[in-house]
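Down below is the structure, laid out as structure tokens.
The values are calculated or read from the model by the stated rules, or taken from the named source; none is laboratory data. Computed from a predicted structure; not experimentally measured. Glycine also receives a Cβ, built like all others from the backbone with ideal geometry; neighbour counts cover every protein chain displayed. Just the protein is used for accessible areas: all its heavy atoms, side chains included, with ligands, DNA and RNA removed. Shrake-Rupley method; radii C 1.70, N 1.55, O 1.52, S 1.80 Å.
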Amino acid sequence: MTTRQKLVVIGNGMAGARLVEDVLALDCDRFEVVMFGDEPYGNYNRILLSNVLNGTQDPKEIFLNPLAWYEENNVTLHAGKKVTRIDREQRVVYADGVEQPYDVLVLATGSKPFVPPVPGTTLHGVFVFRTLDDCRNIADYAKGKSNAVVIGGGLLGLEAAKGLMTHDLASVTVVEMAPWLMSVQLDEAGGKVLGQTIEKLGLKALTKTSTAEIQGHTHVTGVKFADGSTVPADIVVISAGIRPNIDLAKECGLACERAIVVDDQMRTSDGHVFGVGECVQHRGMVYGLVAPLWEQTKVLAEVLTGTAPEKVYTGSKIATKLKVMGVELASMGRIGDLKDTDEVVQYSEPARQVYWKAIVRDGKLSAACLLGDLGPADNLMELFKNDAPVPERRLEIFFTAGSAKKDVSLADLPDSHQICDCNGVSKGTICTAIKAGKCTVPSVGKATRAGTGCGSCKGLVKGLIEAVAGAVKADPSEGWYVPAVPMDKPTLVAEVRKRGLKSVSEVFRELGTGVDEKSKMGLASLLKSLWNDEYVDERDARYVNDRVHANIQKDGTFSVIPRMYGGVTSADDLIKIGVVAKKYDVPMVKVTGGQRIDLLGVKKDDLPKMWADLGMPSGYAYTKALRTVKTCVGSEFCRYGTNDSTALGIALEKRYQGFEFPAKVKLGVSGCPRNCAEATVKDVGVIATEGGEWEVSVGGAAGASVRKTDVLCRVKTQAEALTVIGRFLIYYRDNAKWLERTYDFVPRVGLDTIKRVILENATGLWEYFDREVEATIAAYRDPWLERERPVYAGQFEDAKTVALPMLS
Ligand SMILES: Cc1cc2nc3c(=O)[nH]c(=O)nc-3n(C[C@H](O)[C@H](O)[C@H](O)COP(=O)(O)OP(=O)(O)OC[C@H]3O[C@@H](n4cnc5c(N)ncnc54)[C@H](O)[C@@H]3O)c2cc1C
Ligand code: SF4
């Protein structure tokens, strides 16, 4: 038996983890792999941190290799352990109680943010922006603050500023020493265009401004500049550049200059030690973007596994496409490095904030920047990356129409062309996956990671599938109820029933492809509706709203809406609500569009006490369930009313309260065709007609989508209306996709089908529907009673937690 060599990697970031993936892909048996990462996580996509900060992505969504991946691939990961010493003689690394020998060592320690040596950088409220923890800390601290200052007007500074702007601050100011923003990627004219565009978005930019001091005693209060002027600040984010993380390498005597010096095979001055990523310097260059490190790890993996022992890395040409504060930007080479003999080709369209500039040196494209409109970007990228001669008529660099060379088509692109910039996936890799049968965008993503970052290359992936395989196949996962269980809803329901699966974890274990956060809530809702009392409630399968039975608001407080059947209240209840609002200092009391009273701005730990003081049931204003039944005053008071809409509304709400569905459900009842309750834009609407009948209609909406209901039937009595509506609700509950509102469900299934099932008993399910209604009513418990018996310790404590996913 041969013992495998020990490959130890320090740094579990973009480069370290990618190297291990590349090595395993080439030869998974060659090494025993051990990794150290001082962040306590698996590997995540650092370039998507801006999305986490601005709230468009949940932290869970940016993980490339969750912790389970390491286990599945037999990689030992010491997560949260910092390597503090390397003994090159003994070939051992040391990290917080771990002593790890190695045969081959790879340093992938990345960079650390540069913090300028000005007073005040250690005050509370001063942050850097590099890690997931930084993101969370900034987002937490920004809550309720007014003024933010970002020091550094480069790419990351602007991303941080954009993120901060989503946190409802009164002002966000970016401070930049250079005369314009993004001075590495843009020239002065481009910087000016960018400056104007972002100022329109409400951001202040102070260029040619250097920071002298961050002011404050314990907490930051302002920023003082070299000219003596100041701006107020409650939060400061420093993004003034990065410095390669080389302390460890220096201490153990490896050759370092600006970064760890490596040769063309990524070897350091010690033949057993290699380096990749932002911590290395290759042929004098240190890179700060991901594209070069994909090239470096590929070469190193081939060298280490012996797959291509002679392979060399000769350096990378830096070209990148970005979106900065919503402004499209492409940058190639260094636009500022001009020689006297260079030709400059420029085009600008100020009204559209478009600016293009190309530098031609010796007949080739040496640098370019495009802002506002990336039309010619792909052509330019090709010219730049391949060192191809630019067209004789320089105009054609930007405008190829009418010239011999048309726009580069997908088919013309070389295999080496990078399609997915976030994950460094080339056209060749994607085409190989397509040829191996991956003919849907998600399956290509699963096989190669293309399209799984910011998603902007999904169109190109689709185009490649069409070009290689003829057509994009229908994606079977589109029909799955949740992503982690490969079954449509009827099959899933049948399996769950047959196997008696009563908890989310049982479903994952028996039917799923693994535990998946995005699938939990849909499954929990489905199981609850299938099993009622017997459902095994695992609280981590719920979102925060459903764990504390209140709706979380953007500032982290909650809103409390008591049940007000049919929109009717009493003087006593109004007094109670007013007293509670005063007692708990509720900052806003609001009448909602659903005819109820909302107490907004409630602290989590006040929730149970408020519910007790109110003594009213939960209005279920948070979960995917029956929300409100809006009513008009109807025949009881209205001169036009032909029937008692209020009574029917109350009866409906009392009967169906607590019913959970794949999406929220709202009802409306009007006492005559004047329809003051707007019942024709509700999930279920009821209108009293002239002859004393009720017209029941379904599938309406008046939110982001507007749809008029389809008439289902007319019934003579209130009791009949309750029965028909109950049957429809159970049918919708059982057959709608997760998060599919009735306004999508009704047209998808078809009104005729619904009529046959609900009115004609075509599927013989009436008895079942009625039984399910009764069973659900019997299982109803007011969730606010958990105030007396919290399900778990700290359920209603206002602890600082990781931002939890929230659904509307
Ligand atoms: C917010 C943000 C946005 C970005 N956007 C883009 C973009 O749009 N496009 C682009 O191309 N690039 C972007 N970048 C840059 C890109 O993320 C980096 O180039 C890339 O992450 C570098 O990879 P790396 O592995 O060298 O370093 P990192 O990803 O930083 O990984 C290094 C890891 O090593 C760990 N480590 C360091 N020392 C030790 C030790 N002694 N022991 C254990 N572990 C250690 C660190 O904690 C870290 O997790 C962005 C960066 C940031 C921060
Ligand atoms: S819908 Fe008819 S009954 Fe109801 S309030 Fe309007 S006019 Fe009166």
Legend entry - Check on PHE127, open to solvent by 50 Å² or more (accessible area, probe 1.4 Å) and more than 16 Å from ligand 2 (Cβ to nearest atom): no
Legend entry - Count of region 243-278 residues which are within 15 Å of VAL303 (Cβ to Cβ), touching a Ser or Thr at 6+ places or on another chain (Cβ under 8 Å) and in a strand (DSSP E or B): 3
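Quick grid of which residues meet (1) open to solvent by less than 10 Å² (accessible area, probe 1.4 Å); (2) within 14 Å of ligand 2 (Cβ to nearest atom); (3) outside the structural domain of GLU772 (by the TED database):
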| site | (1), (2), (3) |
| --- | --- |
| PHE637 | no, yes, no |
| ILE650 | no, no, no |
| GLN657 | no, no, no |
| SER670 | yes, yes, no |
| ASN675 | no, yes, no |
| GLU678 | no, yes, no |
| GLY685 | yes, yes, no |
Inset, instruction - Could you tell me whether ALA189 is more than 16 Å from ligand 2 (Cβ to nearest atom), assigned to a helix (DSSP H, G or I) and out of contact with any Leu (no Cβ under 8 Å at 6 or more places or on another chain)? - result: yes
Legend entry - Residue that is most open to solvent (accessible area, probe 1.4 Å) [pool: residues in region 307-331 that are more than 16 Å from GLU295 (Cβ to Cβ) and of a type in the set (A, V, I, L, M)]: LEU322
Inset, instruction - Can you run down the residue pairs with Cβ atoms below 9 Å, 6 or more apart or on separate chains, where the first is in region 660-687 and over 20 Å from ASP644 (Cβ atoms) and free of Cβ contacts under 8 Å to residues at least 24 places away in the same chain and the partner is open to solvent by less than 10 Å² (accessible area, probe 1.4 Å) and within 16 Å of ligand 1 (Cβ to nearest atom)? - result: none
Legend entry - Which listed residue, of ASP373, ASP340, is outside the structural domain of LEU186 (by the TED database) and in contact with a strand residue (DSSP E or B) (Cβ under 8 Å, 6 or more places away or on another chain): ASP373
Legend entry - Given (1) modelled with pLDDT of 90 or more; (2) in a helix (DSSP H, G or I), number of the condition LEU501 does not satisfy: (2)
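Listed residues VAL493, VAL444; which is assigned to a helix (DSSP H, G or I), surrounded by 16 or more Cβ atoms within 10 Å (Cβ to Cβ) and within 25 Å of the chain's Cα centre (by Cα)?
Only one candidate qualifies: VAL444.
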Inset, instruction - Could you check, for region 381-394, whether at least one of its residues is at pLDDT below 85, under 25 Å from GLN196 (Cβ atoms) and either aromatic (Phe, Trp, Tyr) or open to solvent by 60 Å² or more (accessible area, probe 1.4 Å) (or both)? - result: no
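Let's see how each residue does on (1) at pLDDT 90 or above; (2) touching a helix residue (DSSP H, G or I) at 6+ places or on another chain (Cβ under 9 Å); (3) away from ligand 1 (no atom under 15 Å from the Cβ):
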position	(1), (2), (3)
LEU26	yes, yes, yes
LEU48	no, yes, no
VAL52	no, yes, no
LEU67	no, no, no
HIS78	yes, no, no
Inset, instruction - Could you give me the residue pairs with C-beta distances under 7 Å whose first residue belongs to region 151-172 and is in contact (Cβ under 8 Å) with a residue 24 or more places away in the chain and open to solvent by 10 Å² or more (accessible area, probe 1.4 Å), whose second residue is part of a helix (DSSP H, G or I) and of a type in the set (S, T, N, Q) wherever it lies, and which are 6+ apart or on separate chains? - result: GLU159/SER50; LYS162/SER50
Inset, instruction - Report yes if PRO309 is over 24 Å from LYS192 (Cα atoms), away from ligand 2 (no atom under 16 Å from the Cβ) and modelled with pLDDT under 95, otherwise no. - result: yes
Inset, instruction - Kindly check whether there is at least one residue in region 110-117 that is surrounded by fewer than 21 Cβ atoms within 10 Å (Cβ to Cβ) and farther than 30 Å from ARG267 by Cα. - result: yes
Legend entry - When residues of region 661-720 are limited to those that are within 18 Å of ILE754 (Cα to Cα) and of a type in the set (D, E, K, R), the one nearest to ligand 1 (Cβ to nearest atom): ARG707
Inset, instruction - Report, ordered by the first and then the second residue, all pairs with beta carbons closer than 9 Å, sequence separation of six or more or different chains, a first member in region 264-291 that is closer than 16 Å to VAL312 by Cα, and a second member that is within 9 Å of ligand 1 (Cβ to nearest atom) and among the charged types (D, E, K, R). - result: VAL276/ARG18; GLY277/ARG18
Inset, instruction - For GLY13, state whether it is open to solvent by less than 10 Å² (accessible area, probe 1.4 Å) and small (Gly, Ala, Ser). - result: no
Inset, instruction - Identify, by number, the condition in (1) within 21 Å of VAL20 (Cβ to Cβ); (2) touching a residue at least 12 places away in the same chain (Cβ under 8 Å); (3) open to solvent by 70 Å² or more (accessible area, probe 1.4 Å) that GLY80 doesn't meet. - result: (3)
Legend entry - Output for region 312-347, where each listed residue is of a type in the set (Val, Ile, Thr) and at pLDDT 90 or above: VAL312, THR314, VAL344, VAL345
Inset, instruction - Go over the candidates VAL104, VAL75 one by one and state the one that is among the β-branched types (Val, Ile, Thr), outside the structural domain of GLU159 (by the TED database), surrounded by 15 or more Cβ atoms within 10 Å (Cβ to Cβ) and more than 24 Å from GLU251 (Cβ to Cβ). - result: VAL75
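Give the residue that is farthest from the chain's Cα centre (by Cα), with candidates limited to residues of region 344-365 that are of a type in the set (D, E, K, R) and open to solvent by 70 Å² or more (accessible area, probe 1.4 Å).
Out of the qualifying residues, it is ASP362.
Yes/no matrix, rows are residues, columns are (1) in a loop (DSSP other than H, G, I, E, B); (2) among the small types (Gly, Ala, Ser); (3) under 32 Å from the mean Cα position of the chain (by Cα); (4) at pLDDT 90 or above:
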| site | (1), (2), (3), (4) |
| --- | --- |
| LYS582 | no, no, no, yes |
| ASP585 | yes, no, no, yes |
| LYS590 | no, no, yes, yes |
| GLN595 | yes, no, no, yes |
| ASP598 | no, no, yes, yes |
| GLY601 | no, yes, yes, no |
| ASP605 | no, no, yes, no |
| PRO608 | no, no, yes, no |
| TYR620 | yes, no, yes, no |
Legend entry - First in region 1-30 and outside the structural domain of THR429 (by the TED database), second anywhere and within 16 Å of ligand 2 (Cβ to nearest atom) and not polar (S, T, N, Q), Cβ under 6 Å, 6 or more apart: none
Legend entry - Residues of region 719-751 satisfying the condition of being open to solvent by 50 Å² or more (accessible area, probe 1.4 Å) and modelled with pLDDT under 95: ASN735, LYS737, LEU739, ASP744, PRO747, ARG748
Inset, instruction - Tell me, yes or no, whether region 696-719 has at least one residue that is within 15 Å of ligand 2 (Cβ to nearest atom), of a type in the set (A, V, I, L, M, F, W, C) and in contact with a Cys (Cβ under 6 Å, 6 or more places away or on another chain). - result: no
Legend entry - Count of residues meeting criterion [part of a helix (DSSP H, G or I) and more than 16 Å from the chain's Cα centre (by Cα)] in region 45-75: 6
